[in-house]
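Notes for the one structure printed next.
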Amino acid sequence: MMPMKKITFNAPLNHKAYSYEPMQIEVEKVIPLYGKRFEQMRDHPLDECPEIIENRDLMYMEGNTAHCIIFLDANGSDGILVEAEGADYARKSQFIPNARAIVEANDITAGERQLHAELRGIAERIAELAHTGQKHFTFEDMLGDEDLRVLMIRTVAEMLDRREDLAEVRDHYLGIRGQADFTVTAKPAQEMKLYCPLEIQTEPQYDEDEDFIDDYEVIPSSCACGCEDEINTAIQKYSEPEEKHRGLMVYYDANSPVNEKVVSAFPSVEVRNGELVGVLTCQITEPLTDSEMKEFCRWWEGQCSDGWSEGFEQREIKTDAFGTIYVRFWNSSDSWQIEVEMMDETNDIEEEESLDMGGISMQRVICSISASTR
């Protein structure tokens, strides 16, 4: 008998009988935590947590039912189930191994379940025939009639129809080669920009008469405006092929509603108010709620501090004005902040407000810009 394939996951082990008594749980929201935020909540659950504070009203007891939030490790599979009881921290919590699988299973459509059963049936039929001496199989033969193909098309259409970023989805499979099986119309996108300060440094210079290297010299952003094109060229060369259509959104947590609302997010630099600043240019199909905006800005902060920017800042950039420079989208000073600009069809600033980001100073600027001036 072949040994069972080992199952590996993270989990706490209880040693008190009362710890095993379950209660009814209703998950009100799934929130991904980026960077080191998940580790911080896991290792210090009694510390004040801005994500809990922002969503405190969603967590409460109703009879024997606990209304909770699952905080999901954006870079892994585990999660933490929290019912804060009105507190600013995870007053009641449970580590959930492979929580991502639970969340994804909840989103599986009826077609996906049926498709999984059909594929398992094909595997069973192949195994059965293998015991009769048959060795070679073609998948087309195992598909048999068109039923499974139709099921696959209908299942994909069902999955597309649930997406926030699509206006219309129709499947019209006729089994004719060259005939379109789907008609899909995306919702019109609106531009949103996230601005942040840059730290630009020149390469250390060797002194001809001494055995040491000068410290890096920081170039004021107002003096580096002429380097805009050279830096943007370096950013484009740093990008990966899979980022072609969505930019950095290919790395965003697929279970978050933000992932469907923000179609693409491309980093660059641009001159703004006489200074060279970092910018994340996004296309969005639906307005982000305040909670989603804070989630998205925290994700971008993580990309600036120890994600995308951490790798980019180590790349040499050759410039005519300053020679070799290094560009960081992050610094640890209190002045670092994210400013958000929304674009519309006119060119007037309609509203400006400040949002408390719990450590991130974020200014939300709702404005619009005509297509001719983009």
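Placing unit charges on the Cβ atoms of the charged side chains and taking the dipole of the chain about its Cα centre, the candidate lying farthest along the positive direction among LEU115, ILE284, VAL250 is LEU115. A Förster radius of 35 Å combined with the Cβ-Cβ distance from MET61 to THR324 puts the calculated FRET efficiency at roughly 0.05.
Tally the DSSP beta bridges in the chain and give the antiparallel ones as a percent, rounded to 5. Taking every DSSP beta bridge within the chain, about 80 percent pair in antiparallel fashion.
For the pair TYR18 and ASP88 in one chain, pulling the backbone fully straight at 0.36 nm per residue adds 22.6 nm over the alpha carbon distance. P(r) for region 125-186, from all Cα pairs and a bin width of 5 Å, is 4, 15, 19, 16, 13, 10, 10, 7, 4, 2, 0 %, short bins first. Spin-label model, VAL150/ASP43: points 7 Å from Cα along the beta carbon direction are separated by 5.6 nm. Extension gain, MET159 to ILE7: 0.36 nm times the residue separation minus the Cα-Cα distance gives 51.8 nm. Note on ARG170 and ALA127: with the Förster distance fixed at 56 Å, the Cβ-Cβ geometry gives a FRET efficiency of about 0.90. Each residue in LYS187, LYS6, LYS261, LYS237 was given a count of other beta-carbon atoms within 10 angstrom of its own, and listing them fewest first yields LYS6, LYS237, LYS187, LYS261. Using θ = phi - 60° in the Karplus curve 6.51 cos²θ - 1.76 cosθ + 1.60, the 3J(HN,Hα) couplings for region 322-329 round to 10, x, 7, 10, 10, 10, 10, 8 Hz; x is entered for Gly and Pro. Computed from backbone phi with θ = phi - 60° and the Karplus coefficients 6.51, -1.76 and 1.60, the 3J(HN,Hα) list for region 74-91 is 5, 9, x, 10, 7, x, 10, 8, 10, 10, 7, 6, x, 7, 8, 9, 7, 5 Hz; x is used for glycine and proline. With r as the distance between the Cβ atoms of ARG120 and ALA189 and R0 = 41 Å, compute the FRET efficiency 1/(1 + (r/R0)^6) and round to 0.05. Efficiency for this residue pair is about 0.55. Considering the chain at the alpha-carbon level, its Rg and Dmax are found to be 25.9, 85 Å. Cβ crowding within 10 Å ranks VAL327, VAL250, VAL262 as VAL250, VAL327, VAL262, fewest other Cβ atoms first.
If you count the DSSP beta bridges with both ends in region 20-105, what percent of them are antiparallel, to the nearest 5? Looking only at bridges with both residues in region 20-105, the antiparallel portion is about 55 percent. Look at the dipole of the chain built from charges on Cβ: of VAL327, GLN94, THR138, the Cα furthest out on the positive end belongs to THR138. 3J(HN,Hα) along region 309-316, derived from phi through the Karplus expression 6.51 cos²θ - 1.76 cosθ + 1.60 where θ = phi - 60°, amounts to 5, 4, x, 5, 5, 8, 8, 6 Hz, with x in place of Gly and Pro. Charging the Cβ of each Asp and Glu at -1 and of each Lys and Arg at +1, and nothing else, the dipole of region 20-105 about its Cα centre rounds to 180 debye. Residues whose amide H comes within less than 5 Å of that of GLU275, counting only those at least five positions distant or on another chain, are absent (H built at 1.01 Å from N in the peptide plane). Answer with one residue from TYR18, ILE126, GLN303: the one whose Cα lies farthest towards the positive end of the charge dipole of the chain, charges on Cβ with Lys, Arg +1 and Asp, Glu -1. The one lying farthest along the dipole's positive direction is ILE126.
Annotation for region 8-87 versus region 296-347: alpha-carbon center distance of 32 Å.
Values in this text are rule-based calculations from the coordinates and carry no lab data. Note that the structure is predicted; figures quoted are calculated from it, not measured. Quick reminder, even Gly has a Cβ in these numbers, built from the backbone with ideal geometry, and neighbours come from all protein chains shown.
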